[in-house]
Amino acid sequence: MSVISINKESINSIMKSEKTIVTKVQENKIEAFVDAASVVITEKKENKFGKHVLTFFEWIFPPLLGVLLLIVIWASISYQSPNLPGPLKTWHSAVELFRNPFYVNSPNDMGIGWNILNSLKRVALGFGLAALVGIPMGFIIGRFQFFSRMAAPIISLLRPVSPLAWLPIGLLVFKAANPAAIWVIFISAIWPMIINTSVGVSKVPQDYMNVARVLNLSEWKILTKILFPYTLPYMMTGVRLSIGVAWLVIVAAEMLTGGVGIGFWVWDEWNNLNVEHIIIAIFIVGIVGLMLEQVLILIAKRFSYE
Amino acid sequence: MGKAISEKVLQEKYVQLENVNMSFVTKKGTFDALSNINFSIKESEFISIIGHSGCGKSTVLNLIAGLLEPTSGYLFCAGREIAKPGPERAVVFQNHSLLPWLTCFDNVYLAVERVFDSETKVQLEGRTSAALDMVGLSHASDKRPNEISGGMKQRVGIARALAMEPKVLLLDEPFGALDALTRANLQDELMKIMAKTHCTAVMVTHDVDEAVLLSDRIVMMTNGPSAEIGDILNVDLPKPRNRLELAENQDYNHLRSEVLRFLYERHAKKVA
């Protein structure tokens, strides 16, 4: 019933604000519709303003409900086990934490902002290097059967390896924690870009390649005018998957390597038994990951030729 | 003297197919598509290849284009063996095959740029504009292929092929995907363009009217597998041709029924 009353108010407010000429009779009619709960939905669909309100509602309500449900479950679990801080306690802690995100007390005690930025820097480096190597490799593998068959066993062998299994190798070779973390990001982010790019290149329609053959285009022109534009959407899918993986892996890698970063921060707070901060970190990791993904979706849309 | 003779021979046999056989290797074994194809095309001649679907007429075109290599036999164009595709044998593809991320102008420019690589940018742009102008599409040069109609796309395809100033224009069912009215318009335009450029052309079609209207000779193919040339029909109707006048013309109707008889009596396709 509350749902209906919200809609009724908004319809009326919209109608007034839009300066729509609504006769008293029509207004009464609308009210009659809204009151008669059984016909509300069908009648509203005939009403333009009501429809907008309804679609907005349909759009915003389910996600809100989902978040609410999560908070309720969380609250009830924390009620049962007092070790787990509840939503309210975590919220207060978060407000406190974000009051001064960029303080520096000591190399091991820096604000949350610095931790996030440092993690992002590692991800950017590892992911950037992976793109720099992976995308051209994808093109070569997709374009030439020989290289595709050459790379196939290597890719199928190395791709399923858990990212953290690469960490000792990185530590051994680079003899430092930070490059080793970047190395882990690199090696785990490179596969989706290689695979998606090469799949895109190998799917270029034969028609386009026939055009290239008839026009006698150079390999460079084929790359820039046909392969690259056609492959771009596939490539962007690879990039998106890669950045997801990179952000997924950084937390685990930093837990092991230490230094300033969100992963190490989680571990540090666990040692301090500051569970609120761990929960906050989970949310931060989720939100930053979501934002990275959304930015890439925007870029992908910008470059799509369709 | 000898040179004059060889030039004359070359004009008579501008494009030549000698004992061409073509088989494809499939999962079920080899499939013989063409068997023993022999014919030659004169310079500036318009040839249509007609036959039921699956008879290998597009294969003939792809062989001349150099997109396929014959299993045995030889193909020549202007006295040289056809080894690979090249811009002197431009193809108008059935599904236009324009690059969707390039504008109409850039699609044509891509072809022009490669063929006339010694020219300046201004000259190349001039050629591109002229080609688009010839097919009446100057106004759409900045549009992308998905922003224009099917008929317009095919015009761009024709402009792209003609801009390369090919020795032979190869048309693979160029109007097959268009509605009847658009098709008639484009046929008329193609006739005008061919009269202007005197280009040698080979067109694959399954449209009897189109074949008779446009061609100097019609190559009629038997059904596959192992399709061969069933008959070659001379279309000695005077040019320029007008579709309305031809509708009343006895010769035209005779030629038309000749092709129809070949397709539906002598080599009717069994209903699958």
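What follows is calculated from the coordinates using simple rules that are stated; it is not laboratory data. The structure displayed is predicted, hence computed values, not measured ones. Quick reminder, even Gly has a Cβ in these numbers, built from the backbone with ideal geometry, and neighbours come from all protein chains shown.
A few notes on this one:
- Protection proxy ranking of A:64-77, B:224-237, A:87-100 - average other beta-carbon atoms within 10 Å, highest first: B:224-237, A:87-100, A:64-77
- Note that the range B:94-105 has calculated 3J(HN,Hα) couplings of 4, 9, 6, 6, 7, 7, x, 8, 10, 5, 3, 4 Hz, one per residue in order, obtained from phi through the Karplus relation 6.51 cos²θ - 1.76 cosθ + 1.60 (θ = phi - 60°); glycine and proline are x.
- In this rough spin-label picture, where each label sits 7 Å from Cα along the Cβ direction, the B:Lys121-B:Phe24 distance is 4.3 nm.
- Restraint check, A:Lys121/A:Lys175; A:Lys203/B:Lys153; B:Lys8/B:Lys121; B:Lys153/B:Lys269; B:Lys42/B:Lys196; A:Lys221/B:Lys167, Cα-Cα greater than 26 Å: B:Lys8/B:Lys121; B:Lys153/B:Lys269
- Residues of the range B:194-234 with amide N under 20 Å of the 7 Å Cα→Cβ point at B:Leu181: B:210
- Shape of the range A:104-303, Cα gyration tensor, a/c cut at 1.5: prolate
- About the Cα centre, charge dipole magnitude for the range A:104-303 (Lys/Arg +1, Asp/Glu -1 at Cβ), debye: 1020 debye
- Sparse packing (at most 16 other Cβ atoms within 10 Å of the Cβ) combined with a DSSP loop state is found for the following trypsin sites (Lys or Arg not before Pro) in the range B:39-92: B:Lys42.
- Comparing B:Leu61, B:Leu186, B:Leu260 in a Gaussian network model of chain B, where Cα atoms under 10 Å apart are tied by springs, the biggest mean-square fluctuation is seen for B:Leu260.
- Mean per-residue shielding of peptide B:212-218 is 0, counting Cβ atoms of other chains within 10 Å of each Cβ.
- Summing Cβ point charges (Lys, Arg +1; Asp, Glu -1) relative to the Cα centre of the protein assembly as shown gives a dipole of roughly 600 debye.
- Averaged over the residues of peptide B:93-101, the number of Cβ atoms from other protein chains lying within 10 Å of each residue's Cβ is 5.
- Across the alpha-carbon atoms of the protein assembly as shown, the computed radius of gyration and Dmax are 34.5, 109 angstrom.
- Charged-residue dipole, Cβ positions (Lys, Arg, Asp, Glu), the range B:128-180 about Cα centre, Debye nearest 20: 100 debye
- Summary value for chain B: 24 percent relative contact order, contacts being C-alpha pairs under 8 angstrom separated by 6+ residues.
- Under Karplus coefficients 6.51, -1.76 and 1.60, residue-wise ³J(HN,Hα) of the range B:166-171 in Hz, glycine/proline x: x, 6, 10, 9, 10, 10
- The range B:118-156 and the range B:159-213: distance between their alpha carbon centers, rounded to Å: 17 Å
- Between B:Gln250 and A:Ile60, the simple label model (points 7 Å from Cα in the Cβ direction) yields a spacing of 8.2 nm.
- Cα gyration tensor shape of chain B, rounded if a/c is under 1.5, else prolate or oblate by comparing a/b with b/c: rounded
- Inter-chain Cβ neighbour average for residues B:79-89, partner chain, 10 Å: 2
- A straight line joining the Cα centroids of the range B:1-59 and the range A:125-171 runs 47 Å.
- Sparse packing (at most 15 other Cβ atoms within 10 Å of the Cβ) combined with a DSSP loop state is found for the following trypsin sites (Lys or Arg not before Pro) in the range B:199-272: B:Lys269, B:Lys270.
- Dipole of the protein assembly as shown [Lys/Arg +1, Asp/Glu -1 at C-beta], most positive-end residue of B:Thr30, A:Thr231, B:Ser6: A:Thr231
- Unit charges at the beta carbon, dipole of the range A:104-303: most positive-side option, A:Ser242, A:Ile284, A:Phe139: A:Phe139
- Local electrostatic count at A:Val123 - Lys and Arg +1, Asp and Glu -1, tallied over other residues with Cβ under 15 Å: +1
- Over the range B:69-118 - Rg/Rh using Cα atoms and the Kirkwood inverse-distance radius: 1.07
- Most positive-pole-ward Cα, B:Phe262, B:Ser149, B:Tyr74, against dipole of chain B from beta carbon charges: B:Tyr74
- Computed FRET value (nearest 0.05) for A:Ile282 with A:Met150, which takes r as the C-beta separation and R₀ as 60 Å: 0.90
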